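Q: The structure that follows is given in the form of structure tokens.
The values are calculated or read from the model by the stated rules, or taken from the named source; none is laboratory data. Predicted, not measured: the structure shown is a model, and the values here were computed from it. As a convention, Cβ positions derive from the backbone with ideal geometry for all residues, glycine included, and neighbour counts pool all protein chains shown. Please note that ligands, DNA and RNA were not included when accessible areas were found on the heavy atoms of the full protein model with its side chains. Shrake-Rupley method; radii C 1.70, N 1.55, O 1.52, S 1.80 Å.
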Amino acid sequence: MEHIRTPKVEQVKLLDRFSNKSVTGTLHLTATHLIFVESNSTSAQEIWILHHHIASVEKLSLTTSGCPLLIQCRNFRLVHFVIPRERDCHDIYSSLLRLLRPVSYDELYAFSYNPKQNDQEREEGWQLIDLAAEFERMGVPCDQWQLTDVNREYKVCKTYPRDLYVPITASKPIIVGSSKFRSKGRFPVLTYFYQEKKAAVCRCSQPLSGFSARCLEDEHMLQAISKANHNSRYIYVMDTRPKLNALANRAAGKGYENEDNYSNIRFQFVGIENIHVMRGSLQKLLEVVGTRSLSMTDYLVGLENSGWLRHIKAIMDAAIFLAKAVTVEGASVLVHCSDGWDRTAQVCALGSLLMDPYYRTIKGFMVLIEKDWISFGHKFADRCDQLDPDPKEVSPIFTQFLECVWQLTEQFPQAFEFSEWFLIQIHEHVHSCQFGNFLGNSQRQREDLQLKERTYSLWAHLLSEKQNYLNPLFSPSVAESHPVLEPSTQAYHFKFWRNMYNQYDRSMHPRQSILKHVLTLQESKRELEGTVQALKTKLQKFGVSTSPLKPQTPPRERSLPPRPQSLILGAPLLSRKEVQQEEDKEVFGEEAREDAPASTGGERTVEGSSATENGYGELMGSFGSKNEPGVVTLEFGVARMTC
Amino acid sequence: MELSEHIKTANVEDVTLRRPFHPALRGTLCVTSHHLLFSDRKDEASWQLLILLKNIDAIEKRAVGSSGTITIKCKDLLVLQLEIPGMEECLNIASSIEALSSLESVTEMYPFFYRPSHLTLNGPWGLSSTEQYYKQTERLWDRWRVSTVNSDYSVCPSYPSAVIVPREVDDDKLIHSARFRQGGRFPVLSYCHHRNGMVIMRSSQPLTGANKKRCKEDELLLQAVIDGSELGYIIDLRSAQQAQQARMTGGGFESKSFYSHWKRIHRHHERGKVVQESLIKLVEACSDPSHSVDRWLSKLENSKWLSHVHSALSTAGLVVECVERDGHSVLVHGSEGTDNTLLVSSLAQLILDPASRTVTGFLCLLEREWIQAGHPFQQRCAHSAYSHARLKQECPIFLLLLDCVWQVWRQFPLALEFSEALLLRLAQEVYASNYGTFLCNSEQERCAAGVKENTHCLFQSLLRPDIEEQYLNPLYEPTDLAIWPSVHPQSLQLWTGLFLRWTEYAQNMEEAREEVWSIVKEHHEQAGPDRTNNTLSTHCDTLTSFENLMDELTIL
């Protein structure tokens, strides 16, 4: 709190990014959030920005109306304030600078966040995902694969989890020898087992082969993986880097497997670019889609030049290759990149998702993230810039994974139990530092931080509001008949994910959503059926027979379904639940507003559906009041239209 | 020449048919005057493919040994392959297709022969007329009238016989104004906004020419349109520069000094050949076998199709902004007033007017604003994206309209009563149809050819209850508000339902769509909120009375 010099500034203007619109309100600075409250009392929107979400703060040069402050967030929100007095602006600016650079983990929000659960509930939350059970589900340990305790004390590899699965024939000396020959000690271990063909997906880091070095234990290790699968004589070794990068690494004493030294391997480069290229690409993408009055041509050219979708496709291609090798050829595959925690995680996780319908359910997807990303040491703290930032380490690797999944949900609308809101919500919390799951860079570090004792699990929270993330089109029977997804890699399938990268630009979103509508229908149906049931039971208690009522032809009267619960949550701050709902409204533009308009003065625009927001071109008139905005009376029932 | 004289080989056996995502089939191929018929020879439930020859845009022949392959590219973007044993048969079939798919004479076309048993030719044709629209729109009665000055199509050959004009302007003035407008398309009423009585007018460009001619009657006509209100907007669908250049060739624009109460806004729209080429490039890009994202984006951009969608929706939004938000009347025109003008004015109506978002309303809108208003369908839709023929007057403006409507539907999936299926059906019918609706270029031509007497009306048949059901949007919930679409490029998308119609992708989407259907249906029928509500309230009533009873008992 000592960093906050000015907790409150009045008469602050919030400018819209894509139009000339602005609203005036009050800016509050708290220990955890920056809050903007619009002054206009009828439709007062509030914006809550978690300090951890702020990627950068910029103070622009003074203008006649005040001092502009530009805040860019990791969840792709961009806000532009104009603060009347420069001194206030500077105070906010320097306070934010300090607040968004926490110096120790203890300062992260997760350590102060309290969702009013008791210890037992918290513990249960952490026990939801059990990776040992997950391996059991895959059929491991089995006659060919076993749990090894070699890393119990994190002695062999600091960035791996304690429990690792290796071929039965891989003895401890082989493991230790192999780990010494692999970058950061990340030796080949099992991550997914395709029971039907006994084929394994293994992951590791690059070998320290340089130009000629070899390691017998490592060769043995691969041999052991190969032998564990009787269906195939060979294993694939996928180097997910472009060949050039792998070659360059040889000069540094690293590199890739020499096919002459390893028997029965098929070596393959798949060409996913490194974290720096990805960071730059996203940067370019965001610049394009943040441009005002963007033309279609500039949009498409910008999309192409950013290379973003090309990278997404490269990851998808690699995952498809992996899934095919395993499910069609029945071959085991070893995947690595440089350190084996970025591209390797992407490809293994996405590949498993293609092969196994379980990972396409809500619970299964959590397990997948827990396994391939969290436990195997994707460096969330570095990549998501949680603490002590090194800008060179930041990269949207996990975001890309989420996007690949989204692209799949677009191709297979019935294959996933969850909708894109689930993915967006996870993305939100990877950066929010509100829950313990993604803090730190490795399991070991998480244990040192005692996260399970001191913070809460995101998964429990997400499961508690599961109904918000359901995909109403999900069909388990499709999963049974087509367990393995075979996505098309036609270029036109790769689309820009507007709801992620422009999620806060309300004017862009469809005004009505089929998904939401169907969800609402289902929910109201469930509720009504529940009530009917309850009433029936009650009636029975009174001894009245409940002969089925004659179905009356219903007058097509329109009932207002309950609004679905919030989709993006902020923290239940200061325990002000109402306030939070306001924020949710702000967050999801198409959210239904069900409050009776009659009592609040009646005049409202259909959310987002006004001319000014759309910028069809200004009317250059000498004439006429240019009153903002084109107001349309919101009539009863129309609120539903926006749901 | 009789049509049958084009057919040298009517029947070929042992033909192999290949379609995307279907196994190859063997069967018999027949050519008739208007159809290509393929049927496999299994006796039971034999499968047939019937293609209107008019639907065929291009064919390619290839000889493989003694047999030949014909690739058939349809105007609805389907591509088929036929392997025909015997070179001669193959060439005969190909030449028959070529000749019969490009018939020029309207009365030889299939709608004049289509006689299904469930339809009769007697009876009214079409859904609406100018007079009907006038009768329905009470707001017009005071200041507007129906003029039949064009009853013999002499004032404007491309207008219908009746048009709506300001009451105070007599037919004489209309004739003068028509002489001052290209093709005689003087300003007529297209839409009257139910909320504030403001109107959308449309016309062609004024023929001011290089020496800035003026026409008092035309000025009076427009003055009468705004009648006392301070200002109207002219949305000129050309850039200011193009409008200037048009003067050199006798066209022009309404100058500020003569039309002082009208404010002109220029919005550039591509037309004619450019748009046709966009379609060709887009379809080509969609069938590109390369899987490179960069190549795809670059081709998509290069086609400019989405840019046209973007401009059309933006300008329609602008018109709506003038009418709904600022409360002014608008005149829309480009050059000829038969293409982009209709596109913009009809889109604006869809956004503004809840009545035009029902199935009937939408079809009426198309009938009034496209068919009766004289969009030259025959010229514009002679060829589609595959044809190698030299372009003449082809231009897929109507397809562009359907695409824009689709974009609006994407953004307001509950606001339209019809579904994507209707748009797809129309996209197909406009190029090749059993019905007479899209024949000819104007009412005058249709009259001369006897279209109304000798063909069936598509729109009427779409509205038969059993047919209409296929095209309903299960999620429809009417709203009275204007539905402003977002025109950020991020909000517009490729119409996959049309352009990727014959891919695997479309199948997944189809399944998903069916699922939505079934969920909503189940909701409506089995445990619909209405019925459950009723059950609920009945239960509640019983319960309350019992509780009262219990209370009394307790008291006793």
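Q: Points 7 angstrom from Cα along the Cβ direction at residue A:44 and residue A:121: gap in nanometres?
A: In this crude spin-label approximation the distance works out to 2.9 nm.
Q: Specify whether the C-alpha gyration tensor of the range A:120-502 places it in the rounded, prolate or oblate class, a ≥ b ≥ c being the square roots of the eigenvalues: rounded for a/c under 1.5, otherwise prolate if a/b is larger than b/c and oblate if not.
A: In terms of gyration-tensor shape, rounded.
Q: Follow-up question, since we're still on this one. Using modelled amide H (1.01 Å from N, peptide plane; none on Pro or chain starts), what sits under 5 Å from the amide H of residue A:55, excluding residues fewer than 5 places away?
A: Correct list: A:72, A:73, A:74.
Q: Summing both sides, how much accessible area is buried between B and A? Use a 1.4 Å probe and give Å² to the nearest 100.
A: 7900
Q: Still on this structure, I have one more. In terms of the Cα gyration tensor, with a ≥ b ≥ c the square roots of its eigenvalues, is the range A:1-77 rounded because a/c is under 1.5, prolate because a/b exceeds b/c, or oblate?
A: rounded
Q: How shielded is A:346-355 by partner chains, expressed as the average number of their Cβ atoms within 10 Å of its Cβ atoms?
A: For peptide A:346-355, the averaged partner shielding equals 0.
Q: Quick check for you: with a 1.4 Å probe and neighbouring chains kept, what is the accessible area per residue of the range B:3-103, in Å²? Numbers along the way, then the final one.
A: On the way: 4710 Å² over 101 residues.
Ligands and nucleic acids excluded, the figure is 47 Å² per residue.
Q: Can you list the aspartates and glutamates whose alpha carbon is less than 20 Å from that of residue B:8, not counting same-chain residues fewer than 8 positions off?
A: B:60, B:83, B:88, B:89, B:98, B:108
Q: Exceeding 24 Å between C-alpha atoms, which entries from my cross-link table qualify? They are B:212/B:273; A:198/A:379; A:243/A:313; B:73/B:273.
A: Numbers: B:212/B:273 29 Å; A:198/A:379 30 Å; A:243/A:313 17 Å; B:73/B:273 20 Å.
Too far apart for the 24 Å limit: B:212/B:273; A:198/A:379.
Q: Relative contact order, percent, of chain B when contacts are C-alpha pairs under 8 Å separated by at least 6 residues? Present the calculation step by step, with values, prior to reporting the outcome.
A: Values: 942 pairs, mean separation 79.0, N = 556.
The value is 14 percent.
Q: Continuing with this model, one more query. Out of the DSSP beta bridges found with both residues in the protein assembly as shown, what percent are antiparallel (nearest 5)?
A: Roughly 75 percent of the beta bridges in the protein assembly as shown run antiparallel, per DSSP.
Q: Each residue of the range A:135-150 in order: what ³J(HN,Hα) in whole Hz does its phi give by Karplus 6.51 cos²θ - 1.76 cosθ + 1.60, θ = phi - 60°, with x for Gly and Pro?
A: Once rounded to whole Hz, the list reads 5, 4, 4, 6, x, 10, x, 8, 5, 10, 10, 9, 7, 10, 9, 4.
Q: Another one. Taking just the C-alpha trace of chain B, give me its Rg and Dmax in Å.
A: Here Rg and the maximum Cα pair distance are 27.0, 104 Å.
Q: Roll a 1.4 angstrom probe over the protein heavy atoms and tell me the percent of accessible area of chain B that is carbon or sulfur.
A: 50
Q: Which shape class applies to the range B:355-504: rounded if a/c is under 1.5, otherwise prolate when a/b exceeds b/c and oblate if not, where a ≥ b ≥ c are the square roots of the Cα gyration tensor eigenvalues?
A: oblate
Q: While we're here: Of the GluC sites (Glu not before Pro) in the range A:112-213, which ones lie in a loop per DSSP and count no more than 12 other C-beta atoms within 10 Å?
A: The qualifying sites are A:153.
Q: Computing the accessible area with a 1.4 Å probe over protein heavy atoms, can you report the carbon and sulfur percentage for the range A:120-502?
A: Answer for the range A:120-502 is 49 percent, counting heavy atoms of protein chains only.
Q: Pull up all non-local amide H partners of residue B:58: gap of 5 or more, or a different chain, and H-to-H distance under 5 Å with H placed in the peptide plane.
A: B:73
Q: Taking 40 Å² as the minimum loss, tell me which residues in the range B:280-308 lose that much accessible area going from the chain by itself to the full protein complex (1.4 Å probe).
A: Checking the loss per residue gives B:291, B:293, B:294, B:296, B:297, B:301.
Q: For the range A:113-130, in order, what is each residue's ³J(HN,Hα) by Karplus, 6.51 cos²θ - 1.76 cosθ + 1.60 with θ = phi - 60°, in whole Hz (x at glycine and Pro)?
A: My calculation for the range A:113-130 gives 5, 9, x, 6, 10, 8, 4, 5, 4, 5, 4, 4, x, 6, 7, 4, 9, 10 Hz in order.
Q: With θ set to phi - 60° and the Karplus curve 6.51 cos²θ - 1.76 cosθ + 1.60, what are the ³J(HN,Hα) couplings of the range A:292-303 in order, to the nearest whole Hz, using x for Gly and Pro?
A: Along the range A:292-303, the couplings run 6, 5, 6, 8, 4, 4, 4, 5, 5, 5, x, 4 Hz.
Q: Additional query: For residue B:145, list long-range residues whose amide hydrogen, built 1.01 Å from N in the peptide plane, is under 5 Å from its own amide hydrogen.
A: For residue B:145, the qualifying residues are B:165, B:167.
Q: Suppose we compare each residue of the range B:387-420 in its chain alone and in the full protein complex with a 1.4 Å probe; which ones drop by at least 10 Å² of accessible area?
A: Listed in order, they are B:409, B:410, B:411, B:412, B:413, B:414.
Q: Something else: Say R0 is 25 Å: what FRET efficiency, to the nearest 0.05, do residue B:47 and residue B:507 get from their beta-carbon distance?
A: 0.90
Q: Same structure, new question: Tell me which GluC sites (Glu not before Pro) from the range B:1-85 have a DSSP coil assignment and no more than 15 other beta carbons within 10 Å of their own.
A: B:2, B:44
Q: Any idea of the accessible area per residue across the range B:130-494, 1.4 Å probe, to the nearest Å²? Please report the intermediate quantities before stating the final value.
A: Details: 11900 Å² over 365 residues.
With the other protein chains kept in place, the range B:130-494 gives 33 Å² per residue.
Q: Something else: Any idea what % of Cα-Cα pairs in the protein assembly as shown are farther than 49 Å?
A: Taking all Cα-Cα pairs of the protein assembly as shown, the fraction more than 49 Å apart is 39 percent.
Q: With a 1.4 Å probe and all protein chains kept in place, how much accessible area does residue A:104 have, in Å² rounded to the nearest 10?
A: Only protein atoms counted, so the area is about 40 Å².
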